[in-house]
Amino acid sequence: MKPVSELDLAKLLTREHHKIHLVGVAGSGMSGLAALLLELGHEVSGSDKASTVETDRLQQLGLRFHQNHRADDASAADLVVFSSAIKIDNPILMSAYDSGKPAVRRAEALAAIMQGKRGIIIAGMHGKTTTSAMTAHVLREAGLRPSHYVGAEIPILGSNAHWDPRGEYFVAEGDESDGTLRCFRPEHVLILNIEEEHLDFYVDLAAIEKVFAQLIEQTTGTVFFNADDANTARLCAQRKSAVSYGFSENAHYRGTDIDLRDFVSVFCVYFRGKRLGEAVLNVPGRHNVHNAVGVIALANELGIPFEKIAASLRKFEHARRRFEIKYASDRFLLVDDYAHHPTEIRTTLKTARSTRRKRVLTMFQPHRFSRTKALCHKFGGAFDDADRVVVTDIYAANEEPIPGISGETIAAEIARHGHRGVSYQPRFEWVHRDVGNMLDSGDLVLSMGAGNIHEQLSILAADLVIAEKLKAIVGEEGHVQLYEPLSKHTTLRVGGPAQFWVEPCNENAFAELIRFCRRESLPLFVIGRGSNLLVRDGGILGVVVHPCGRDFDKIEVDGNEITAGVGAKLKEVAYAGKAAGIGGLEWMEGIPGAVGGGLRMNAGAMGSQTFENLVRVRYLDSEGNPHTKSRHELDVHYRNFPLLENNFAVSAVFRGQSAPADEIVRRLQASQKKRRTSQPIAKSAGCIFKNPQNCSAGKLIEELGLKNCGVGKARVSEVHGNFIVNDGGATAAEMLELIEKIKSMARTQRGIELETEVQIVGEPA
Ligand code: EPU
């Protein structure tokens, strides 16, 4: 094959059939090119370090895909096409150069393909994908059978690129990021806006404008341009064959009377002062009305009647990742958008705001270290329309990190600008949790960025579907919260989040939850007051039920019997006894837990334990069916009640004996005194270990010299050796390390195997 300079690339690509290899074929631009080349009848192979949904789809159409870049895989190719993300030392590229095989850039190949058609390039910093998709759609609806090439998946067009041999036109999104706009010699061009961007490639705005000026120069037909963008207007206005569009009065094609309704916009269009008619655009945002006026100008100049254009716009559907609705219900709206430049972020947030949801919660993933550094200050002021912003770390997009630049740089800049709802989450996989936990009915959640932040929104959307079903089960009175931090619900103040935190307030709802979890294979865990619980830092997967309110907090006295729901505090049972002159329950005053936990653990204090006072227990089995069992039917041990390992208590009846008021008060005071003098007031989970036979764990730990011994913020209490206290901000990992240390000492020095009394649950971080 001849060297590139002597090749007739247009002929080679559109009128002959060859073996062509694409280096970096998974990229959004490259995959479109692969689709075009396949439709043109070439034998196409491609390599990339990663396979994607797109490469899978292309393989079905005939692409020979190679994971990773090996020179051998492209040795049979007549031509190599490479993406601008590919480095000069790529083995396929190096081998092509060494052997004199022609290798061209993506834009060169695309420009050559377009030479076979009447080319229309849509260019500018923001809105290219939507506008080029809209243009191709309008031309297609008008029966012009256009070919197209757009930088994202376009459901309404069927694919991101398509070659139609029957049509005259080719509509393409022109990428300005690497200077290759210079390659195109279109018949028409539509310029949306020009501003500072891609400063990793361009020195400054002047350098960007130079490339646009050349594109304009090389355009043979009409230049359609945004009259409202100063930079664009300055470059285009003087050109002889130029048509302007926009909202301002001096625009040739002008949009007016814009009415933004939730997801649809209605507006009027004038051409040189004459009313063309009304249009309805089926995508949200004022900026999209602006883009649509540009498309109307272009389509009208191509001879498509206004009514036809308007009818097409009414049917238009957004490109993927362009204000794409991921989930919508009466209560929530989840939207994903590609915005990654400060101007785009501001525009997308304005659109989000215009949907009039209660709050706009945003997850933002900065894209490229170079852009973050160059536009850092502009990012600071771009989030005013968001109520809350969670910023992740930077999506590198093949760039090397720049020291001192991270997601935190942007979060700090947003805060410096005066925003009070911004936070930084360096663990990408936790972003959906941060935002999900803030969620309240009426909120809109927006993910923004050009990397993979939409994955976090998808996880949130999937969990929200389940959360909504759980909410329907517990009803208005009940409560459902996503990713609720369990450090808020354990007395130790430690623990990661509950995937689904659910508060049913009656037995029916609880039973229905059990059945739902069984059907959906969701794990179900019940938490009372969390007083005997150590939750690991990764939290609990599945549904965490916290029975509380109405039925569950109820305490009723009948003679010497007290019926209490599992959510009631044991302490309250002791005081209900006092009020009714029932003694023998005073020891419950010293237990920080609820009735449910007391039953589950057969909790005890002052020489007594729960089951000594128990008459009967009502519980739900693993299928949600209710049962009641009397004390004599139950198998109970020290700090263990096996029945509740797979069943769920809902209420219990306790019995005491009538006793004189002063005697009850005396016993309550004794319990209080015991607690005050022998137990720490700091945050703890009660006793950590069960008492080994014939010995006190607290005493043993003291004798081992471990009091005050700590790991991080977890420390053995100096008051009682069997309590580990949280000095503030301790992690479960620190707690567990300390527990292991104590166990190991007891084993090696005393030959005693300590068993934890505290329940340890959940996933590691
Ligand atoms: N002791 C020490 N050093 C210590 C702690 C205790 O020498 O650091 C001695 C005490 O002086 C006492 C003996 O060890 O002679 C037993 O201590 P304590 O009376 O405090 O009782 P315990 O067995 O450690 C049990 C329950 C507690 C309950 C108290 C009070 C267990 C595992 N713990 O503690 O329950 O509050 O009795 O009645 O059975 C809980 O289960 O979470 C809990 C706090």
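The values are calculated or read from the model by the stated rules, or taken from the named source; none is laboratory data. The structure presented is a predicted model; accordingly, all values stated were derived computationally and were not measured. Cβ atoms come from the backbone with ideal geometry, glycine included; neighbour counts cover every protein chain shown. The accessibility values were calculated without ligands, DNA or RNA, using every heavy atom of the protein model including side chains. Shrake-Rupley method; radii C 1.70, N 1.55, O 1.52, S 1.80 Å.
Structure notes:
- Tally of residues being touching a His at 6+ places or on another chain (Cβ under 7 Å) and buried (at least 17 other Cβ atoms within 10 Å of the Cβ) across the range 667-687: 1
- Checked against the criterion of being in contact (Cβ under 8 Å) with a residue 12 or more places away in the chain, more than 16 Å from the ligand (Cβ to nearest atom), buried (at least 24 other Cβ atoms within 10 Å of the Cβ) and closer than 15 Å to G597 by Cα, the range 553-563 has no qualifying residue.
- One residue stands out among those in the range 688-714 that are buried (at least 23 other Cβ atoms within 10 Å of the Cβ) and closer than 21 Å to T490 by Cα: the one that is farthest from the ligand (Cβ to nearest atom), which is A714.
- Test: E429 is in contact with a Phe, Trp or Tyr (Cβ under 6 Å, 6 or more places away or on another chain), within 24 Å of P485 (Cα to Cα) and at pLDDT 95 or above: no
- Residue that is nearest to the ligand (Cβ to nearest atom) [pool: residues in the range 605-614 that are farther than 13 Å from S531 by Cβ and open to solvent by 20 Å² or more (accessible area, probe 1.4 Å)]: M606
- The range 204-222: number of residues that are in contact with a strand residue (DSSP E or B) (Cβ under 6 Å, 6 or more places away or on another chain) and among the β-branched types (V, I, T): 3
- Any chance G179 is more than 24 Å from L40 (Cβ to Cβ), in contact with a helix residue (DSSP H, G or I) (Cβ under 6 Å, 6 or more places away or on another chain) and modelled with pLDDT of 95 or more: no
- Looking across the range 335-347, the residues that are open to solvent by less than 10 Å² (accessible area, probe 1.4 Å) and touching an Asp or Glu at 6+ places or on another chain (Cβ under 8 Å) come down to V335, D336, H341.
- Note on the range 226-278: among residues that are over 30 Å from V211 (Cα atoms) and among the hydroxyl-bearing types (S, T, Y), the one that is most open to solvent (accessible area, probe 1.4 Å) is Y270.
- Identity of the residue in the range 131-180, without any contact (Cβ under 8 Å) to a residue 40 or more places away in the chain and out of contact with any strand residue (DSSP E or B) (no Cβ under 9 Å at 6 or more places or on another chain), that ends up most open to solvent (accessible area, probe 1.4 Å): R166
- The range 747-765 - residue that is assigned to a helix (DSSP H, G or I) and free of Cβ contacts under 8 Å to residues at least 12 places away in the same chain and, of those, farthest from I681 (Cα to Cα): T748
- Test: G167 is at pLDDT 95 or above, under 30 Å from L334 (Cβ atoms), of a type outside the set (K, R) and not in a helix (DSSP H, G or I): no
- Count of residues meeting criterion [more than 23 Å from G174 (Cα to Cα) and open to solvent by 20 Å² or more (accessible area, probe 1.4 Å)] in the range 53-87: 20
- Note on the range 438-456: residues that are over 17 Å from F383 (Cβ atoms), touching a residue at least 24 places away in the same chain (Cβ under 8 Å) and not small (G, A, S) amount to 5.
- Subset tally (residues that are free of Cβ contacts under 8 Å to residues at least 40 places away in the same chain, within 14 Å of the ligand (Cβ to nearest atom) and either open to solvent by 20 Å² or more (accessible area, probe 1.4 Å) or of a type in the set (A, V, I, L, M, F, W, C) (or both)) for the range 721-732: 0
- Checking each residue in the range 569-582 for being among the charged types (D, E, K, R) and within 14 Å of the ligand (Cβ to nearest atom) picks out only K571.
- Failed criterion for R118 (all others in (1) more than 25 Å from E173 (Cα to Cα); (2) open to solvent by 10 Å² or more (accessible area, probe 1.4 Å); (3) touching a strand residue (DSSP E or B) at 6+ places or on another chain (Cβ under 6 Å) hold): (1)
- Of M745, M735, all but one fail to be surrounded by fewer than 21 Cβ atoms within 10 Å (Cβ to Cβ), within 16 Å of the ligand (Cβ to nearest atom) and modelled with pLDDT of 95 or more; the exception is M745.
- Residues in the range 604-642 that are among the basic types (K, R), under 27 Å from L668 (Cα atoms) and in contact (Cβ under 8 Å) with a residue 24 or more places away in the chain: R616, R639.
- Under the condition of being open to solvent by 10 Å² or more (accessible area, probe 1.4 Å), in contact (Cβ under 8 Å) with a residue 24 or more places away in the chain and either farther than 25 Å from C505 by Cα or among the small types (G, A, S) (or both), the residues counted in the range 565-582 number 3.
- The range 583-597, residues that are of a type outside the set (D, E), surrounded by 24 or more Cβ atoms within 10 Å (Cβ to Cβ) and either closer than 18 Å to G549 by Cα or more than 10 Å from the ligand (Cβ to nearest atom) (or both): L585, M588, G593, A594, V595, G596, G597
- Among the residues making up the range 640-666, a single one is within 16 Å of the ligand (Cβ to nearest atom) and surrounded by 20 or more Cβ atoms within 10 Å (Cβ to Cβ): F641.
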